[in-house]
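The values are calculated or read from the model by the stated rules, or taken from the named source; none is laboratory data. Since the structure is predicted, the reported quantities are computational estimates derived from the model, not experimental observations. For neighbour counting, all protein chains shown are included, and Cβ atoms are generated from backbone atoms with ideal geometry for every residue, glycine included.
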Amino acid sequence: MQRILPLIAAQAPPRLIGEPLSAFADEVKAALAAKPDSRLVVFPELHLFGDSYPDRQRTEALQDSAEPLHGPRVKELRQLAADLGIWLVPGSVCERGPEGQLFNTQLVLSPGGELAGFYRKIFPWRPFEPYDPGDRFTTVDLPGIGRVGLNICYDAWFPEVSRQLAWMGAEVILNVVKTTTPDRRQELVLAKANAIVNQVFMVSVNCAGPTGTGRSIIVDPEGNTLAEAPDDAPALLTAELDLAAVEHVRTYGTENLNRPWSQFRDGEDAIELPVYQGRITPATWAPQSFNA
C-alpha cells in the first residue's frame, strides 16, 4: 500500500526572539504556496530564537525566552497548524521545564491544532549549549501516513539515537539543525549513514546563512540523496516520500543485499553490550511496525 508523505524542508535564517508569530505564519504560507499539496512542513532548530546578528545564542536571552509547552507560544503555533491544515514542525523551541529546566524541544503540531509530540534534545552540543538534556526518545504517528522520529542537530552524531528511533518504528527521522560551523560536511555523511544503517528516510534541515551553513538534505532508506541544498542560501527542499520504501528495503535488502534488521534468529545467544550495561537480544531486535 502506498503511503506518500509530501513535505517541505525549509532552509531559512532564524527569526528573532520575540518577533510576532504572524511573521512566521507568513513564512509558512509562502512555503506552502510553492508546494500546496505538502502535508508536513519542517523548519530548522531554534528557528524562532535568533539573537540578532551575529547570532550569539546568549544564555540569558534563551533563558528569558523559554516558556512551558502549555504557554502562549505553543498555543499560537497549534492554531497556525490548524488554520493551515498541515503537520508543522516549527523547528525547536526554548522550553521552560516543569522543574525550571531549559530544554531545547522539537515540536510536532497536527492539522487538528494539537501538540502531537515533542522531543527534548538528549545531546546538547557541549560545552557550547546551555540546555538541560532530555531523557526520552520520541516518535509521532501521522495517521494514514506513517511514523516519524524526532532528532535535533548533535543527536545525529550519536548512532544510538537514530537506532532507537528506528527500533521504535520511525520510518522518517526529522533532524532539525542549527549548524553554524564547518562540520556540516560531516553531518551530511552522518545523515546518509544513519539512513543506510537503519533503513529509514532522513530529513536534515539546517538554517540558512548568514547564521547557518545550510546544505540541508533529504535521504532515502538506501542512502540516496532525494533533495539537497548546495549552499547556505535560503531554499525549500521538497520531496514526496513513499514510506512503503522502508518496508521494501528491509524486506529485500539495501541494493537487494543487506538486511541488518533480519540479522538475528530467535534462540541465538544475546550479544552483550558492556558500554550500555545491556545487550542485543535476537527476540526483540526487529523494529516495531506502523499500522496505518
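Worth pointing out:
- Taken over region 29-65, the residue count meeting the criterion of being more than 24 Å from PHE103 (Cα to Cα), in a helix (DSSP H, G or I) and in contact with a strand residue (DSSP E or B) (Cβ under 6 Å, 6 or more places away or on another chain) is 2.
- ASP266 meets all of the listed conditions (1) modelled with pLDDT under 95; (2) within 20 Å of ARG163 (Cβ to Cβ) but one, namely (2).
- Strands (runs of 3 or more DSSP E) wholly inside region 179-292 containing at least 2 residues that are on the phi < 0 side of the Ramachandran plot, crowded, with 16+ Cβ neighbours inside 10 Å and of a type in the set (A, V, I, L, M): 201-205, 217-219, 225-228, 235-242
- Near pairs, Cβ below 8 angstrom, 6+ apart or cross-chain, from region 3-18 (of a type in the set (Lys, Arg)) to any residue that is not in a loop (DSSP other than H, G, I, E, B): ARG3/GLY146; ARG3/ASP242; ARG3/ALA244; ARG15/ALA23; ARG15/PHE24; ARG15/GLU27; ARG15/GLY50
- Contacts under 6 angstrom Cβ, first residue in region 136-155 being assigned to a loop (DSSP other than H, G, I, E, B), partner among the basic types (Lys, Arg) and surrounded by fewer than 24 Cβ atoms within 10 Å (Cβ to Cβ), 6 or more apart: ILE145/ARG3
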